[in-house]
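Read the structure below first, then the notes.
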Amino acid sequence: MSDGTPPPLDPTLTAMIERMVDARVDARLAGFSAQVEEALARLRAQEGPQRDQASILVFSGDFDRLISAFIIATGAVAMGIEVSMYFTFWGLVALKKQTTFAGKTIEEKMLSAMLPGGPANTGTSKMNMLGMGPIMFKRVMAQNNVETLPGLIKLAQDLGVKLIACRMAMGVMGIKDEELIDGVQYGGVATYLGDAIESKITLFI
Amino acid sequence: MDTSPEASVVLDCTGLNCPMPIVRLSQAMRGLPSGAQIVIEANDPAFRADLEAWVRRFGHVILSFDQGATSRATLLKK
């Protein structure tokens, strides 16, 4: 034709060409859409009903640090986060309800005598002033309507925070199972790390 | 307690400080249906900031916030 466009095709031929093109496109896309489906499935699995997790390792046995740890833990539960707290070394004091001496070696007995009997007996990391510091802080906290440390620990348990005592540290510090509050689980470093690696929030207090 | 979705539940958190107001709030929210309203009163100095962070996390809406010696917030559950 004089304007350069090709002449119209026979309709049957057109239909056949369209079918061939469709078949080719489908074939090329098949592999691609399978990949997209797989990627979407993996994304959905990650966004799934899993809750965000927080893993708090409590190494300190100081009154002020323990208060921080439990406020963060209980606040995290209020934010819809699943919380595990691991207590090791000095942090184990937070889980103590009593001190026993039966069945312990001399070193263990000495350690037991020197450790605070429980969270209510802990000293502050600074300005302890032979015990005056915590007394003053507790008064100021009461005036400011801040929950007490034993109160926060109980609240954490009631809210479903997992409290896990480090077996190894218990052995080193000479702390026996019967000295700890009920509802405590036991674990080792792998227990902590298994949870920590899945947690969006990991803290060392 | 009225269980119709438009009824307000009032949560009195006066005298409670961090983290108690949001702890109580999250517990109360769990029992409410979507679209329910809840009123919370608190005099915790951290209350406003904590409430905004908490609401942002879950997608609920703060319908009103009256700041005062005791602050009063009305929330809508998503």
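So if R0 is 45 Å, what FRET efficiency would B:VAL10 and A:ALA30 give, r being the distance between their Cβ atoms, rounded to the nearest 0.05? Efficiency for this residue pair is about 0.15.
One Cα centroid belongs to the range A:50-119, the other to the range A:122-175; the line between them spans 8 Å.
Compared with the dominant Cα axis of chain B, that is its longest principal axis, helix B:47-58 is turned about 40°.
Express in nm, to one decimal, how much length is gained between A:MET141 and A:ASP10 on full extension, taking 0.36 nm for each residue of separation and deducting their alpha carbon distance. It would help to have the intermediate numbers written out before the result.
Values: separation 131, 0.36 × 131 = 47.16 nm, distance 9.09 nm.
Length gained between A:MET141 and A:ASP10: 38.1 nm.
What is the local net charge at B:GLY59, summed over the other residues whose Cβ is closer than 11 Å to its Cβ (Lys, Arg +1; Asp, Glu -1)? Every neighbour counted, the sum reads +4. Distances between placed amide hydrogens fall under 5 Å for B:CYS18 paired with B:ALA46, all partners being 5 or more residues away or on another chain.
Any idea what the relative contact order of chain A is, in percent, if you count C-alpha pairs under 8 Å spaced at least 6 apart? Once normalised by length, the contact order is 29 percent.
Just A:GLN143, A:GLN98, A:GLN53 to compare: in a GNM of chain A, with alpha carbon springs under 10 Å, which one fluctuates most? The residue with the greatest mean-square fluctuation here is A:GLN143. The angle between the Cα long axis of helix B:20-30 and the longest principal axis of the Cα atoms of chain B comes to about 10 degrees, rounded to the nearest 10. Residue order by solvent-accessible surface for A:ARG139, B:ARG48 is A:ARG139, B:ARG48, largest first, with ligands and nucleic acids left out and a 1.4 Å probe.
Cut-off under 14 Å on the C-alpha distance; same-chain residues fewer than 8 positions from B:LYS77 excluded. Which aspartates and glutamates are left, in chain and number order? B:LYS77 reaches B:GLU6, B:GLU52.
The modelled label-to-label distance for the pair A:THR100/A:ASP182, using points 7 Å beyond Cα in the direction of Cβ, is 1.6 nm. Per atom type, the range A:76-167 shows carbon and sulfur on 64% of its accessible surface, probed at 1.4 Å. Take each residue in B:57-67, count the other chain C-beta atoms within 10 Å of its C-beta, and the mean is 1. Helix A:132-143 and the longest principal axis of the C-alpha atoms of chain A enclose an angle of approximately 60°. Listed cross-link partners A:LYS96/A:LYS162; A:LYS97/A:LYS200; A:LYS96/A:LYS138; A:LYS96/A:LYS200; A:LYS97/A:LYS154; A:LYS97/A:LYS162 are compared with a 23 Å cut-off, the Cα-Cα value being larger for A:LYS97/A:LYS200; A:LYS96/A:LYS200. Comparing the full protein assembly with the isolated chain, the residues of the range A:134-163 losing at least 50 square angstrom of accessible surface (1.4 Å probe) are A:ASN145. For the protein assembly as shown, the equivalent ellipsoid derived from the Cα gyration tensor has semi-axes of 56, 30, 15 Å, listed largest first.
Annotation: per residue accessible area for the protein assembly as shown equals 58 Å², rounded to a whole number [probe 1.4 Å, protein chains only]. The calculated 222 nm mean residue ellipticity attributable to helices in the protein assembly as shown amounts to -14000 deg cm²/dmol, summing -39500 (n - 2.57) over DSSP H runs of n ≥ 4 and dividing by all residues. Residues considered: A:THR105, A:THR88, A:THR191. Largest GNM mean-square fluctuation over chain A, using C-alpha springs under 10 Å, is found at A:THR105. Scanning residues 5 or more positions from A:LEU203 or on other chains, those with amide H under 5 Å from its amide H are A:SER55, A:ILE56, A:LEU57, with H placed 1.01 Å from N in the peptide plane.
Sequence-ordered 3J(HN,Hα) estimates for the range B:9-15 from the Karplus curve with 6.51, -1.76 and 1.60 and θ = phi - 60° stand at 9, 10, 10, 8, 10, 5, x Hz, glycine and proline given as x.
Sorted by accessible area with a 1.4 angstrom probe, largest first, how do A:THR202, A:THR100 fall?
From most accessible down to least: A:THR202, A:THR100.
Gain on full extension, evaluated as 0.36 nm per residue between A:THR148 and A:GLU38 minus their Cα-Cα distance, stands at 34.5 nm. Chain A packed on chain B takes about 1100 Å² of accessible surface away from a 1.4 Å probe, both sides summed.
The values are calculated or read from the model by the stated rules, or taken from the named source; none is laboratory data. Every value quoted in this text rests on a predicted model; they were computed, and no experiment measured them. Backbone-built Cβ (ideal geometry, glycine too); neighbour counts: all protein chains shown. SASA here: full protein model, heavy atoms, side chains in, ligands and nucleic acids out. Shrake-Rupley method; radii C 1.70, N 1.55, O 1.52, S 1.80 Å.
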